[in-house]
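To start, the structure itself, in structure tokens.
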Amino acid sequence: MTARVLRWVFAVFVGLQSAMAIAEDGVSSSIHEVPLSNLNNEINELDINADSGDRVLQFALAPTITPLEGRIFLGLTPESSHSAALIVIVNNTRAVRIEAADGAITAEIELPGHVLRTGTNIVSLSLESDENDGWRLDGANSRLRVGFETTGQADSLGDVEALLASDIPPINTVFIEDRRNDVMLEAVIAQGIAMRMGRAPEFVQTAAGADIRFGFLVDATLTGPEIRFSGAELDVVLAGRHQQDLETAARLFASRSIRLADETFTVADALTSAAIGSETTRVEIDGQTLREFSQARLPFGDGRGAQTAVVITEPDGTGRLAAMSIMARTSLAHGTAWIYAWYGSESDNAPEDRNMVFIGTAALSDRNLLSGAPVEFRTALRAAVERAGRRTGLRLSSAAYADEAASAAGVATVFADPQNPTRWIAGFTSPQAEGFNRASEILSRSAHWSALSGRAALWDESGVTGYDYSVVGTPSLAERFGLPDFSLREIAALLFLLTLLFVLRGAWRRRRVHDKSRGWK
């Protein structure tokens, strides 16, 4: 009896100790692993030799975590068996020497918790001797793994900016409050977010579950535009006395760093704040294709978009998410947010002398896009319809014979205005309203953007197809518009109609003969 009681007492004691440890700890442990090529696309194939000098890799840890330990796996190939030893230094603390081997190797480097730090971490790669051959780093086959504990949450605007810039853990979903018929604020903020992240996030329609949440506040008692840290239902609030103040706050967020800000950021703070992004000298145009648009060679981004009008045809609801995704990726390509562009939902209201970018499915009915669009654009649209299974043949009882769910696909085009060759027009749209949001997310968050080509292009999850008849020649009418494409159900329905027509015709003729035999007319 005594032994049983002692066992129960011991079990209760252990349970209480465990509960107290959990209560005191209050943190959750996680492990995140990411390919190095996701951190920097330029290191897919990185040479380290005497000509290149030292190479530097960087990754950022969020301010809300405490790193426990990590490992970095480097996919390396020596140029020869005589390659110099490779010296890897992490944060000027941890140094590892890697000897050359015969063929490719994967070097595993341990990163103790005291070596890692929140914020920017630096990994330098250098040769022990410049007189020998070098190495090549394969970023796609190299990866970083970090174990960490989440020990806090953002409590300032500076923390929010650091979270957006962090690689581990990454920010994936972003919510921006939907202001009815106000596309400028949301589009500009989306670009400011992407410029901080170095990539386009997933924009969501509801705040619940979003990693970062942005909202707006109109307060007549304020003295000017402000960016505020909230930390409640919304993380960041753009506030002002009226619409013009809100627009100024959005431009400040997209063009000025808030890393040193605490709970508020004003116009006065912007005077001493670092700029986000910068205008670069545009490379000379080498054609009139989507490749020039994706590589920022066309004049859309000049003057931070000052000569461009952006027409977002679905400014509210989930339709706006597609525009935010595409504008986020566009700002990354141009190296700066288009804070001075005109934004609206009706192209007829846009300044006539500006370049135009159309985003949305309703753009397919806008004459300002369709009137000058190249024939390749219509070909790409038809291909998108056919790829989605929406054939142009006869439709009967569509509710009963519905096609399978359409895949997400989008169509893009760019061309010089036939009426004004110095004015450029681009469009991102889809014949599938229900799939365009997903298609825009695919385009903005994958390598598809860099694969855009031709005077028009069709993209979906499988890849990008460019259309350019100036290269391959103008197609025939049959190739351009296709031939009627009837499914088996449509053929059966058509035969049924023909049969019914002949039966009715025969009945009518028999009735007619019968009436005549009785002398009726």
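Considering all alpha-carbon pairs of segment 297-374, what whole percent are spaced by more than 17 angstrom? Walk me through the numbers before you get to the answer.
Values: 1310 of 3003 pairs.
Tail fraction, whole percent: 44.
In Å², and per residue, what accessible area does the chain have when probed at 1.4 Å with the other protein chains present?
Numbers: 26420 Å² over 521 residues.
Per-residue accessible area for the chain comes out at 51 Å².
Give the whole-number value, in cubic angstrom per residue, of the convex hull volume spanned by the C-alpha atoms of segment 146-299. Show your work: numbers first, answer last.
Details: hull volume 23.4 nm³, N = 154.
Spelled out: Cα convex hull of segment 146-299, divided by residues, is 152 Å³.
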In terms of the charge dipole of the chain, which places +1 on Lys and Arg and -1 on Asp and Glu at the beta carbon, the residue among 170, 498, 258 farthest towards the positive end is 498
Please give the length that would be gained between residue 181 and residue 66 if that part of the chain were fully extended, namely 0.36 nm times their separation in residues minus their C-alpha to C-alpha distance (nm, one decimal).
-> 37.2 nm
Structure-derived Kirkwood radius over Cα pairs in Å: which label, when the choices are (1) 27.2; (2) 24.6; (3) 23.3 | (1)
Helix 2-25: angle to the longest alpha-carbon principal axis of the chain, degrees 0 to 90, nearest 10?
-> 70 degrees
So what's the back-of-envelope 222 nm ellipticity for the chain, counting only DSSP H runs of four-plus at -39500 (n - 2.57) apiece and dividing by all residues, rounded to 500?
-> -9000 deg cm²/dmol
Just the projected area, averaged over all directions, of the convex hull on the alpha carbon atoms of segment 57-188: how many nm²?
-> 10.6 nm²
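Would you kindly state how much longer the chain becomes between residue 221 and residue 58 on full extension, computed as 0.36 nm times their sequence separation minus their alpha carbon distance, in nm to one decimal?
Numbers: separation 163, 0.36 × 163 = 58.68 nm, distance 4.38 nm.
Value of the extension gain: 54.3 nm.
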Label-point separation (nm) for residue 87 and residue 306, each offset 7 Å from Cα along Cα-to-Cβ?
-> 4.8 nm
How high is the relative contact order of segment 245-326, in percent, with contacts defined as C-alpha pairs under 8 Å that are six or more residues apart?
-> 17 percent
Give the accessible area for residue 499 in Å² (nearest 10); use a 1.4 Å probe, count only protein heavy atoms, and leave out ligands, DNA and RNA.
-> 80 Å²
On Cα atoms only, tilt of 243-255 relative to the major axis of the chain in degrees = 60 degrees
Residue 263 and residue 502 label points (each 7 Å along its Cα→Cβ direction) are spaced in nm at 8.5 nm
For residue 348 and residue 51 in one chain, what is 0.36 nm times their gap in residues minus the Cα-Cα distance, to one decimal in nm?
-> 101.4 nm
How far apart, in nm, are the 7 Å Cα→Cβ label points at residue 513 and residue 420?
-> 7.2 nm
Does anyone have the angle between helix 488-517 and the longest principal axis of the chain? Alpha-carbon axes, 0 to 90°, nearest 10?
-> 20 degrees
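How large a share of the accessible area of the chain, in percent, is made up of carbon and sulfur atoms when the probe is 1.4 Å and the other protein chains stay in place? All intermediate terms of the calculation are to be shown ahead of the outcome.
Numbers: 13370 of 26420 Å².
Carbon with sulfur: 51 percent of the solvent-accessible area.
The values are calculated or read from the model by the stated rules, or taken from the named source; none is laboratory data. Small disclaimer: the values here were computed from a predicted structure and weren't measured. Ideal geometry is used to build each Cβ from the backbone, glycine not excepted, and the neighbour counts take in all protein chains shown. Please note that ligands, DNA and RNA were not included when accessible areas were found on the heavy atoms of the full protein model with its side chains. Shrake-Rupley method; radii C 1.70, N 1.55, O 1.52, S 1.80 Å.
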